[in-house]
Structures are given as C-alpha cells and as structure tokens.
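Structure record follows, encoded as structure tokens.
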Amino acid sequence: MKPYWAISMGATTALALLAFAGPASAATELRMMWYSDGNEGEVVRDLLDRFEKQNPDIKVVVDNVAYKAILESLPVQLAAGQGPDMARITDLGGLSKYYLDLTPHVADPEYWRKSFGPYLDWYRKPGDTTGIYGIQNQLTLTGPFINKTLFEQAGVAIPKEGATWDEWAAAANAVAKKLKIPFPIAIDRSGHRFAGPAISMGAKFFNDKGEPAVVDEGFKAMASRIKKWHDDGTMGKELWGSVSGSAYKGANEEFANAQVVMYFSGSWQISQFAKQIGDAFDWVAVPQPCGPAACTGMPGGAGTVAFSSTKHPKEVAKVMEYLASEPVITEFSARTLILPAHVGVAKKGVDFKTDIKLAKDALSAFTGHIGKLSPIAFKLQGYAYNRVLFNAIISRLGQVVVGEMSLDDAYARIPQDIEAQLAEQARKK
C-alpha cells in the first residue's frame with residue numbers, strides 16, 4: 001500500500017496536468033455578427049462547420065441578427081470597444097476606422113488584390129491605397145422587379161428597355177387601377193436606393209473638387225417625383241411613413257404578397273423571392289428605368305470584415321482566408337443566389353443552385369446591369385462617408401413624405417445635415 005504522501009502527490013500531479021492540458025486544448029472562440037437577406041446565414045454556418053473540422057483549435061460563433069442591428073447596434077458596440085471579431089456589413093467605408101488590416105496576417109496578400117481589387121478601395125480610409133480589410137463576398141445592384149403576372153392580367157404592356165421613370169409610373173398605375181393593387185410602385189426607404197434614380201435624372205452628388213454637393217437639379221427632379229408619387233398614390237405612405245429618421249424600410253413582404261406592381265430594391269432579394277414566392281407568380285427583374293442622364297442603379301453589397309479590437313488576429317485572419325478562397329466564394333454564391341464580387345469566380349461563372357427559372361433569369365438580368373452603371377454610382381459607393389449622405393437624404397425626404405417639411409426646406413437642410421455630420425466625423429478622428 002502506498003503511503004498517504006505518495007497518493008497525495010500523485011493526485012496533485014494529475015490535477016496539475018489536467019489543469020495545464022485544459023486551456024491548451026481549448027479552442028479559440030471567435031464571434032461573427034451576421035445578417036441575412038435569404039439563406040446566407042445557413043450557408044455560412046455550414047461552411048464554417050467544415051472550417052472548424054479542419055481547424056479544431058478555432059470555433060466561430062455566428063450571431064444572427066436583423067439588418068437593423070448591423071446598421072444601428074454594431075457601430076455603437078464598436079465605438080465602445082465591445083464589438084465582435086468579425087461581421088457582415090454594408091456600410092463599408094463608414095466603419096473603416098475599426099477594421100483590422102489583414103495584410104500582415106494572411107499568407108498571400110496578392111491573392112486578395114487580384115481577387116477583390118476593384119472593391120478593396122470601398123473598405124479603405126481616405127488616403128489608404130494598400131490595406132486589406134474585408135471580403136466583398138456579395139456584389140449587389142439596385143434595380144426594379146415587377147409582378148409580370150399582374151401586367152398580363154391587367155392587359156397592360158410592359159415598358160421596354162430605355163423607358164423613363166415617368167413611363168414606368170404610368171404603366172404601374174394602370175395595372176394597379178385595373179386590378180385594385182394597393183402599391184403601384186414601392187421603393188425601399190433608403191438613401192442608397194434613391195441614389196440610382198437620382199443619378200439617372202442628372203444628380204452628380206459631388207462638385208469638381210470631389211466634395212459632396214448633393215442637391216442639384218437632377219437630385220430635385222427625382223425628389224420631386226418621390227413627393228408627387230406619395231401625394232397621388234403611386235407610392236403608399238404606409239411604407240415610407242411608417243418609420244422616421246434614417247430608418248430603413250423595405251417592401252419585400254408586400255411584393256411577395258402581390259400587393260406591389262413594381263418594386264425598386266435590388267439583386268439581394270432574389271434568394272428570398274425564390275424561397276418565398278417561388279413560381280406563385282412571375283416576378284421579373286426588368287431594365288433600369290431611365291432619366292435624361294442615365295439608366296442606372298447603384299452598386300453595393302455586403303462584405304465580411306475583421307475588427308482591430310479582436311484579441312485573436314491570427315485566428316481571425318485564418319477564418320477570413322478560408323471565406324475568401326475561390327472554392328468557398330463559389331459555393332457561397334451558388335447556394336445563396338448572390339452575384340460574386342470575386343474577379344476569378346465572376347469570370348468563370350457560377351452554377352446557381354436553384355430549379356426556379358425566374359431566379360436564374362433575374363440573376364442574368366442583374367448581371368446585365370453591371371456594365372451600364374454610371375461612373376457617378378461607383379464613385380458614390382466608394383465614398384467613405386456615403387452613409388452620411390444617404391442618411392441625410394432619406395431623413396429629410398421622409399419628413400417631406402409625411403408632411404412635416406416642404407421640399408424647399410429639405411433642399412436647404414440636407415446640405416446642412418451633411419456638413420454637420422462630416423464635421424463630427426472629422427472631430428472623432
């Protein structure tokens with residue numbers, strides 16, 4: 001029989017070894033804040049499950065949240081130093097001061113430059129030309145969908161490519177009147193969504209020095225239509241008038257329920273419509289309505305970024321490299337019905353995983369919009385403080401719609417709001 005001291009020492013040694021082994025074998029836990037328009041959350045979770053099997057020392061917790069949380073809650077968390085390690089975001093330039101530069105942490109920075117070159121600038125602070133901060137894993141384009149079935153039932157001809165916004169409004173109203181549809185036209189309550197039509201009408205958004213100069217005759221041409229359409233019922237006040245400030249409001253549910261004739265939103269809706277509508281009616285992506293200056297929407301999309309506040313930059317970079325790899329980008333795009341921003345994947349093409357022809361046709365239609373985008377639209381999307389412009393625009397136009405402000409007052413207040421917010425941004429630097 002062993003003496004007591006031998007047993008005690010053996011037990012103590014075993015406990016010490018266990019205590020030592022525990023933390024060493026524990027996986028590093030990373031948190032990713034994520035929003036979805038369709039099935040993106042399910043797909044990224046499946047992809048990360050595979051990553052974790054290949055890398056058992058890293059665990060990625062995906063916190064699925066509403067898009068509103070990405071716009072409103074995430075910036076507050078980051079400002080307080082309490083943000084996640086990574087997130088899927090759309091305000092690419094606006095949050096740039098919080099990003100982790102992945103350049104020193106990834107194995108092949110040149111791969112990122114070749115694969116995402118045209119979009120890396122969207123993530124950089126003004127003056128930065130080299131940093132690598134995120135994965136543009138979703139390219140989106142704003143643009144219109146119509147309920148083609150309603151047009152056919154009403155016996156109204158669908159306007160052809162090159163038709164103006166006024167011609168589309170007349171056609172949508174004719175369908176709605178004939179079939180008693182509540183919303184002839186719905187446009188997302190978003191400054192970003194307003195921008196493409198405004199550029200088509202001649203809005204330039206910047207002066208010759210590259211400084212914001214939002215309110216011009218082209219801008220007024222589209223803003224006055226927004227007011228007129230809300231006044232005459234072309235657009236329903238129930239949508240834009242149901243929220244205030246810079247709050248976003250979409251009409252995807254109303255469109256899916258066949259209550260909207262024409263819905264101006266964007267390519268990110270395709271996955272959701274494929275699942276929610278299927279082939280219940282013919283939902284079709286149509287050419288961009290035109291103004292005197294262009295027929296354009298806005299580019300955009302979502303990117304996955306890493307934040308400099310992370311305590312695990314090496315592990316975060318490993319996750320980001322995996323998500324940025326060509327096979328993963330290809331599968332993510334195919335399964336989510338999202339246009340790829342990866343240059344190599346876009347050139348090879350994607351076999352989108354859907355049996356719904358309407359979805360494939362819509363993806364093809366939006367792909368056709370890419371080469372027709374206005375240079376002003378690309379410039380505006382790449383402007384680091386575009387969110388300041390978008391928020392000021394939609395806040396004031398929202399007040400116009402509900403009768404709290406005249407158009408002339410809005411034209412005066414929008415530049416003031418932008419100037420004040422840009423000054424605040426400069427103060428925080």
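Each value in this text was obtained by applying a stated rule to the coordinates, not by laboratory testing. All values derive from a computational prediction rather than experimental measurement. When we count neighbours, we look across all protein chains shown, and the Cβ atoms used for this are built from the backbone with ideal geometry, even at glycine.
Taking Lys and Arg as +1 and Asp and Glu as -1, the other residues whose beta-carbon sits under 12 Å from that of G236 total -1. Neighbours of E161, meaning other residues whose beta-carbon lies under 14 angstrom from its beta-carbon, give a summed charge of +1 when Lys and Arg score +1 and Asp and Glu score -1. Listed cross-link partners K114/K348; K53/K275; K348/K372; K220/K249 are compared with a 26 Å cut-off, the Cα-Cα value being larger for K53/K275.
Comparing Y98, L239, L389 along the charge dipole axis of the chain, the residue lying farthest to the positive side is Y98, per the Cβ-charge model.
So what's the net charge close to S190: Lys and Arg +1, Asp and Glu -1, counting the other residues with Cβ under 15 Å from its Cβ? Residues near S190 contribute +2 overall. Taking the DSSP bridge list for the chain and keeping only pairs wholly inside it, about 60 percent are antiparallel. Taken about its Cα centre, segment 315-429 carries a charge dipole of about 280 debye when Lys and Arg each add +1 at the Cβ and Asp and Glu each add -1 at the Cβ.
Comparing mean-square fluctuations of P327, P313, P197 from a GNM of the chain with C-alpha springs under 10 Å, the top value falls on P327. Calculate I(q)/I(0) for the chain by the Debye formula, one identical point scatterer on each C-alpha and no solvent, and give its log10 at q = 0.09 Å⁻¹ to two decimals. For the chain at q = 0.09 Å⁻¹, log10 I(q)/I(0) is -0.59.
In a Gaussian network model over the chain where Cα atoms closer than 10 Å are linked, find which of A66, A87, A294 has the largest mean-square fluctuation. Taking springs between Cα atoms under 10 Å, the residue moving most is A66. Relative to the Cα centre, the charge distribution of the chain, modelled as +1 at Lys and Arg Cβ and -1 at Asp and Glu Cβ, gives a dipole magnitude of about 300 debye.
Since only N147, W165, P212 are under comparison, the one whose Cα sits farthest along the positive direction of the charge dipole of the chain, derived from C-beta charges on Lys, Arg, Asp and Glu, is P212. Dipole magnitude for segment 215-274: computed about the Cα centre from +1 point charges on Lys and Arg Cβ and -1 point charges on Asp and Glu Cβ, it is near 80 debye. In the chain, helices alone account for a calculated mean residue ellipticity at 222 nm of -15500 deg cm²/dmol, with every DSSP H run of four or more residues adding -39,500 (n - 2.57). Of the residues F183, G403, Q138, the one whose Cα sits farthest toward the positive end of the charge dipole of the chain, with +1 on the Cβ of Lys and Arg and -1 on the Cβ of Asp and Glu, is Q138.
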